[in-house]
Amino acid sequence: MRFRLGLLGHGTVGAAFHELLEDRAEAVEATVGMRPELSGVLTRSRGDFADLLERSDLIVELIGGLEPAREYLLAALRAGKHAVTANKQVLSQHGEELYEAAREAGVQLRFEAAVGGVVPVIRVIHETLAAAHIERVHGIVNGTTNFILSEMTRTGASYDDALADAQRLGYAEADPSEDVNGRDAAAKMAIVARLAFGAAVSLDDVPYEGIERVTGEDIEYARELGLALKLVGSAERVGGGLAVRVYPAFLYGEHPLAAVNGSFNAVTIESPAITEITLSGPGAGGPQTASAVLGDVISAMIPPATLPPPAIALPLVTDVESAFYMHVEVADRPGVLAQVAEILGLQGVSVKSVVQRGLGDNARLVMVMHPVLESRFDAAAGLIGRLDFVRSQPRVIRVIEETF
Ligand code: HSE
């Protein structure tokens, strides 16, 4: 059985969605029992909306902007079709009208990709935390500005060069002034606040400041003081009201958002009953955003009541590459380090760093290895453990390195 998708827009995200759909349609069919297929593509210059709507079960709106996106979404919902959109402008300015149209028609309007790219901010706030009383949400919700601030911090790049890179990588809006002046983040925070607090919040209610006035000097100080400079969106209960704002802020190194770099987005949700949850991941980019859009499409298709039987048999791998930390105490005499190093070398284990501390007649060796097959490392650690100068058996802990 086919599930027909009418695609509106074929820009960075639209084209990435089209490609992803072709790649994943079969896998989706295996999970959901229906195959999602494009019934047509409408762009600003070609296609007839009424005809496309007629031939679609769901409309994927990736045109962006207010009109005609608003008009198309309303028409789709009122015609009893589900809709999936990544359009933060229209949701933050005409959300109530759209949510009402979906409620009245009894269809789904899903918009995970409108906030945080592929980071499941919307689902988690709206569904997982539906029972939680949320006090505050802090977010890095603009990939372009986070990329610019991270690059300026990491490489000392100029603001203009970092912005040009963000545009080249497909993170920025068509008009990047909405990214750097904070308006894009404000739109996303309005959507987040609507869900987190159940109050009608529109973009006009969100004061925002951007990063245009941030200087290289501010970034330099932040680094020296162990602070991270981020464009932060906040939505919180204050007294009996609600404050939703966007502004550049210094974060202490321990703050969960401080380590979120590059085009990654992250949102920290605070609620007394659950303490706090931080979600982070790619917040911009065509393929990443397209993945969130397709996830929404799948959610709008009939979800399977139970887990389907495994579609493919994947062999389970037990010997996996990993980096390792090894702690071993040895007699402190000539040639000991060389023998340990030789055994590691013979097993193909490469040492990334070594620290040796003297303990009287003995010495403590702490080594971190580059990634290697576990079997190779186990063999080396076993051999080292049998050497006569070893005073305590090697203690081994895996080290997880960042893959991307
Ligand atoms: N321009 C946006 C950003 C894309 O930089 O986060 C995702 O909404």
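The values are calculated or read from the model by the stated rules, or taken from the named source; none is laboratory data. Predicted model only: the values in this text are computed from it and were never measured. Here Cβ is always computed from backbone atoms with ideal geometry, including for glycine, and neighbour counts include all displayed protein chains. Just the protein is used for accessible areas: all its heavy atoms, side chains included, with ligands, DNA and RNA removed. Shrake-Rupley method; radii C 1.70, N 1.55, O 1.52, S 1.80 Å.
Given the stretch 150-261, what helices (runs of 4 or more DSSP H) lie entirely inside it while holding 1 or more residues that are without any contact (Cβ under 8 Å) to a residue 12 or more places away in the chain?
Hits in the stretch 150-261: 159-168, 177-180, 216-224.
Here is a list: Glu276, Glu236. Which entry is of a type outside the set (Lys, Arg), more than 16 Å from the ligand (Cβ to nearest atom) and open to solvent by 50 Å² or more (accessible area, probe 1.4 Å)? It would help to see each step written out before you state the result.
Numbers: Glu236 fails: open to solvent by 50 Å² or more (accessible area, probe 1.4 Å).
Within the list Glu276, Glu236, the selection yields Glu276.
What's the number of the condition Ala258 fails, among (1) among the aliphatic types (A, V, I, L, M); (2) within 30 Å of Gly226 (Cβ to Cβ); (3) touching a Phe, Trp or Tyr at 6+ places or on another chain (Cβ under 6 Å)?
Evaluating Ala258 over (1) among the aliphatic types (A, V, I, L, M); (2) within 30 Å of Gly226 (Cβ to Cβ); (3) touching a Phe, Trp or Tyr at 6+ places or on another chain (Cβ under 6 Å) leaves (3) as the failure.
Is it the case that Val293 is surrounded by 14 or more Cβ atoms within 10 Å (Cβ to Cβ), within 16 Å of the ligand (Cβ to nearest atom) and under 30 Å from Met34 (Cα atoms)?
For Val293, the condition - surrounded by 14 or more Cβ atoms within 10 Å (Cβ to Cβ), within 16 Å of the ligand (Cβ to nearest atom) and under 30 Å from Met34 (Cα atoms) - is met.
Within the stretch 321-338, is there a residue that is open to solvent by 50 Å² or more (accessible area, probe 1.4 Å) and among the β-branched types (Val, Ile, Thr)?
Applying the first criterion (open to solvent by 50 Å² or more (accessible area, probe 1.4 Å)) to the stretch 321-338 yields 321, 325, 332-334, 337-338.
Among the residues that remain, those that are also among the β-branched types (Val, Ile, Thr) are: none.
Within the stretch 321-338, not a single residue is open to solvent by 50 Å² or more (accessible area, probe 1.4 Å) and among the β-branched types (Val, Ile, Thr).
Residue check: is Val137 within 26 Å of Pro272 (Cα to Cα), within 15 Å of the ligand (Cβ to nearest atom) and either open to solvent by 40 Å² or more (accessible area, probe 1.4 Å) or out of contact with any Lys or Arg (no Cβ under 9 Å at 6 or more places or on another chain) (or both)?
Considered against the rule, which asks whether it is within 26 Å of Pro272 (Cα to Cα), within 15 Å of the ligand (Cβ to nearest atom) and either open to solvent by 40 Å² or more (accessible area, probe 1.4 Å) or out of contact with any Lys or Arg (no Cβ under 9 Å at 6 or more places or on another chain) (or both), Val137 comes out as no.
Are any residues in the stretch 141-195 more than 10 Å from the ligand (Cβ to nearest atom) and open to solvent by less than 10 Å² (accessible area, probe 1.4 Å), and if so, which ones?
If the condition is that a residue be more than 10 Å from the ligand (Cβ to nearest atom) and open to solvent by less than 10 Å² (accessible area, probe 1.4 Å), then Leu149, Ala162, Gly182, Ala186, Met189, Ala190, Ile191, Val192, Ala193 are the ones that fit.
Among the residues of the stretch 17-42, count how many are within 19 Å of Thr85 (Cα to Cα), open to solvent by 30 Å² or more (accessible area, probe 1.4 Å) and not charged (D, E, K, R).
Within the stretch 17-42, residues that are within 19 Å of Thr85 (Cα to Cα), open to solvent by 30 Å² or more (accessible area, probe 1.4 Å) and not charged (D, E, K, R) number 4.
If you check every pair at least six apart or on different chains, which have Cβ atoms under 8 Å apart with a residue in the stretch 131-147 that is closer than 13 Å to Asp184 by Cα and outside the structural domain of Arg168 (by TED's automatic domain parsing) first and a residue that is more than 16 Å from the ligand (Cβ to nearest atom) and among the aliphatic types (A, V, I, L, M) second?
No pair meets every condition.
Of the residues that make up the stretch 158-180, is at least one at pLDDT 95 or above, under 20 Å from the mean Cα position of the chain (by Cα) and among the basic types (Lys, Arg)?
No - not one qualifying residue is present in the stretch 158-180.
Hey, can you tell me all the residues within the stretch 112-127 that are within 12 Å of the ligand (Cβ to nearest atom) and either touching a Gly at 6+ places or on another chain (Cβ under 6 Å) or of a type in the set (D, E, K, R) (or both)?
Within the stretch 112-127, Glu112, Gly116, Gly117, Val118, Val119 qualify.
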